[in-house]
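Here is the structure we will look at, set down as structure tokens.
The values are calculated or read from the model by the stated rules, or taken from the named source; none is laboratory data. The structure presented is a predicted model; accordingly, all values stated were derived computationally and were not measured. Cβ coordinates were reconstructed from backbone atoms using ideal geometry, including for glycine residues, and neighbour counts include every protein chain displayed. To get the accessible areas, we keep the full protein, side chains included, count just its heavy atoms, and leave off ligands, DNA and RNA. Shrake-Rupley method; radii C 1.70, N 1.55, O 1.52, S 1.80 Å.
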Amino acid sequence: MPCLPWYGQIDGILQANLDIMRAFFLYCLFLCPLGLFCQVDFNKGWKMKPGDDPVYAKAACIDQDWAAVSPLQNWEMQGLPQYDGYVWYRLHFYLPRNLLSSSYLKDSVRFLLGPIDDVDACYLNGVKIGQNGHFPDEGKDAYRTAWDVPRRYVLPVNHLALHWDAENVLALRVYDGGGPGGMFDNVERSAGAVDVLDFVKMTVQHRALQKTEKNGFNYATQFENQYQKPIAGSLTVQVFAFKGQKKPLKTLQFPVNIPAKGKQEILAHLESVGRNWVYFEFKEQLSGKTTHQWQETPYVLTPKAGDRPEIHNPAVYGARPGVPFLYKIAASGKAPVSYASKGFPPGVKINAATGVISGTLQQRGMFNITLFATNSAGSDSKTILLVVGDNICLTPPMGWNSWNCWGLQVSDEKVRAAADALLSSGLADYGWNYINIDDGWEAPGRNAQTGAIETNEKFPNMPALSDYLHKKGFKMGIYSSPGPKTCGNFLGSYQHEAQDAQTWADWGVDYLKYDWCSYSGIAPEKPDLEAYKHPYAVMRAALNATNRDIVYSMCQYGMGDVWHWGEEVGGNLWRTTGDITDTWESMSGIGFSQDSLHSFARPGHWNDPDMLVVGHLGWSEQLHPSRLTPSEQYTHISLWAMLSAPLLIGCDLTKIDDFTFNLLANDEVLAIDQDHDGRQAEKKQQGPDYEIWVKALSDGSQAIAIFNRSEQDRDITTDWAALGLANYKTVRDVWQQKDIGKFGKTWHGAVYGHGVRLLRVY
Ligand code: GAL
């Protein structure tokens, strides 16, 4: 419906204006003169309307009947389920001139809006003041997402669009190309005066020290000055046992002098003292303003692996007869390790130096296979069940995928580097073995003669790449869409399904992620179940017609409740939600919402809550350490293991640090994910800010995850009987890999804010 003129709903407007003025009055009276909160909060008061009409940009547009929307949650969760396309957001706010009083510079105003998924144009009182990304209607192939760019629009104080001491209207034209839409990160959104501090970017990173140096780690605080003059001030670093503790355990102070348009790095050394919180505050000299950050120290719980070999392959493995077989014995221990096996039916041979077993099995059946690993410190053996039949992927796939680190900038070189790093870091010894290329490998057009899909210049030779990976025991994954275009606007498989499946098989592909994306333009506007199933069934049939075992990963964000029929169309895993990102809201929102799906996970068929967001991520060449705190990262890995989720590392493995390694190389945690029976955990108890999930394991023991969803550390008591665990007594702390005692009736312990205790009871 087009907007009505102003006089349409005058009462509502008057009321809204009174509210705005009341808030403004309070603000002028108390807060701003004190130098506090001299900005306008943009985290509430928004309205939205799906569709697209230029009149929505105008200040005079009546939006009284628009739906209220929170910028802290995507629009799918607020009345627009599975909606991709255009939505307008509008916000009325008062802009007090004394906003400028607290600024040393007093020359411009900035609007902070956080990331917007995917594209936005920003209008102030009808005047366009900026845009991020490109809308599809800007021309052929114009669409470009800018979903992870924090929006910051700046205007000089005398800009005509600014209505000082009056009401203003901010209107956002937003387009979402797929997955969650709109604003949803829990970040600052505000209007405020630009000040010297706005030109300073402060980032804090922990850096593990080399083993030869002192214990502990350095925190590197990096300052970047975008101003044309030097910026000075001081940095205070304080260590606390917990957030909210009054007296710091330690305080360090550093002078800061950042050259004009330059950088400065300050290293603060901290001894390794387990888990603490570190507070970093920069005080800028001219304005006296401060900015601060908290960092939880990256506490390592996983004990270091010993020199003796330990085999970590899951207890069961499925393969089909008559197709190429590839399997690697995954064993930690001091190099060199030599490998052997016993019990394989004819058709395969082992490379004793790499542990790679390859060939072709002809005989169907169940075989008890014994794997051996030996080195100078000893040997280990493990018997697993090999099932040669129709089913593969009997435990959730584990490996690496390029998307969460490189986004569309993935290349052959980066894929090889990831595989090399999996090996050299030792992670491959724990069973991480898929190397999956996500979107961005495809050439713009098909081969003119044959119609075959081809690679772009970043992937000069796919068969050579798969050969490189297979020789090291890795499997190779690829990505496409049933639509004409992928989500990244690369070429999809529409109308070339059988041909593409054969091309990939010829290249040596072992895994396909098949992403709905532009298929929404092919499917009916409101697809019924058959329409949802159709493209996935077509590709599964095409994959089956090749001579390879290809794991089939369905990516369509849970549409049509895919968990009910994903198995029927041959999916080995299916995404249950939109894309994950490295924030607590995103990760915990996805992870904790999986409870109702537990009955759909089983060997060969898994719910997929999306890839891991630990380590260095970026969805581009600009990588950053995961924004999850260390405790949140323990929650992430524990929850995914409890969910029997596919585990696909999404980080740059060449930058792996001790903390991230500790998260990904805990064999007892991984064993929960890879359990033979493949059950998904169930939520058994829930309090206002905690959840207890339980997963039955194949040896009769139970894994219990006690999650603290609040920010504060807290003690949690569990009642074994209430959890249905009255017969269990011995409790093991899984992250620390040690028994912590016998608990007959209850267990009581501390759980860090946003953290977890992962237990196994016998
Ligand atoms: C999204 C998908 C992501 C990634 C991306 C590639 O739809 O959910 O995981 O594959 O497309 O363009």
Would you point out which residue out of Gly182, Gly216 is free of Cβ contacts under 8 Å to residues at least 60 places away in the same chain and among the small types (Gly, Ala, Ser)?
-> Gly216
Residue that is nearest to Glu567 (Cα to Cα) [pool: residues in region 363-399 that are buried (at least 17 other Cβ atoms within 10 Å of the Cβ) and β-branched (Val, Ile, Thr)] = Ile392
Quick check: anything in region 614-630 part of a helix (DSSP H, G or I), touching a residue at least 12 places away in the same chain (Cβ under 8 Å) and under 15 Å from the mean Cα position of the chain (by Cα)?
-> yes
Qualifying position, being open to solvent by less than 40 Å² (accessible area, probe 1.4 Å), modelled with pLDDT under 95 and within 15 Å of the ligand (Cβ to nearest atom), among Gly440, Gly488, Gly492, Gly483 | Gly488
Answer yes if at least one residue in region 501-517 is at pLDDT below 95, open to solvent by less than 50 Å² (accessible area, probe 1.4 Å) and either in the same structural domain as Ala542 (by TED's automatic domain parsing) or more than 23 Å from Arg548 (Cα to Cα) (or both), and no otherwise.
-> yes
Considering each residue of region 555-579, count those that are touching a Lys or Arg at 6+ places or on another chain (Cβ under 6 Å), open to solvent by 10 Å² or more (accessible area, probe 1.4 Å) and within 15 Å of the ligand (Cβ to nearest atom), and give that number.
-> 1
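Residue-by-condition table, conditions (1) at pLDDT 95 or above; (2) of a type in the set (Gly, Ala, Ser); (3) over 19 Å from Met587 (Cβ atoms); (4) open to solvent by less than 10 Å² (accessible area, probe 1.4 Å):
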{"site": "Val613", "(1), (2), (3), (4)": "yes, no, no, yes"}
{"site": "Ser631", "(1), (2), (3), (4)": "yes, yes, no, yes"}
{"site": "Ala641", "(1), (2), (3), (4)": "yes, yes, no, yes"}
{"site": "Lys655", "(1), (2), (3), (4)": "no, no, yes, no"}
{"site": "Asp658", "(1), (2), (3), (4)": "no, no, yes, no"}
{"site": "Asp667", "(1), (2), (3), (4)": "yes, no, yes, no"}
{"site": "Asp673", "(1), (2), (3), (4)": "yes, no, no, yes"}
{"site": "Gln686", "(1), (2), (3), (4)": "no, no, no, no"}
{"site": "Ile692", "(1), (2), (3), (4)": "yes, no, no, yes"}
If you go through region 508-539 one residue at a time, how many are among the small types (Gly, Ala, Ser), more than 15 Å from the ligand (Cβ to nearest atom) and part of a helix (DSSP H, G or I)?
-> 2
Only one of Arg152, Arg144 that is of a type in the set (Lys, Arg), under 30 Å from Thr290 (Cβ atoms), out of contact with any Cys (no Cβ under 8 Å at 6 or more places or on another chain) and not assigned by TED's automatic domain parsing to the domain that holds Asn489 | Arg152
Output the residues belonging to region 434-453 that are hydroxyl-bearing (Ser, Thr, Tyr) and assigned to a loop (DSSP other than H, G, I, E, B).
-> Thr450
Starting from residues that are aromatic (Phe, Trp, Tyr) and open to solvent by less than 40 Å² (accessible area, probe 1.4 Å), keep the ones in region 68-93 and report whichever is nearest to the chain's Cα centre (by Cα).
-> Trp75
Residues that are open to solvent by 10 Å² or more (accessible area, probe 1.4 Å) and either outside the structural domain of Leu612 (by TED's automatic domain parsing) or assigned to a helix (DSSP H, G or I) (or both), drawn from region 580-596 | Trp584, Glu585, Ser586, Gly589, Ile590, Phe592, Ser593, Asp595, Ser596
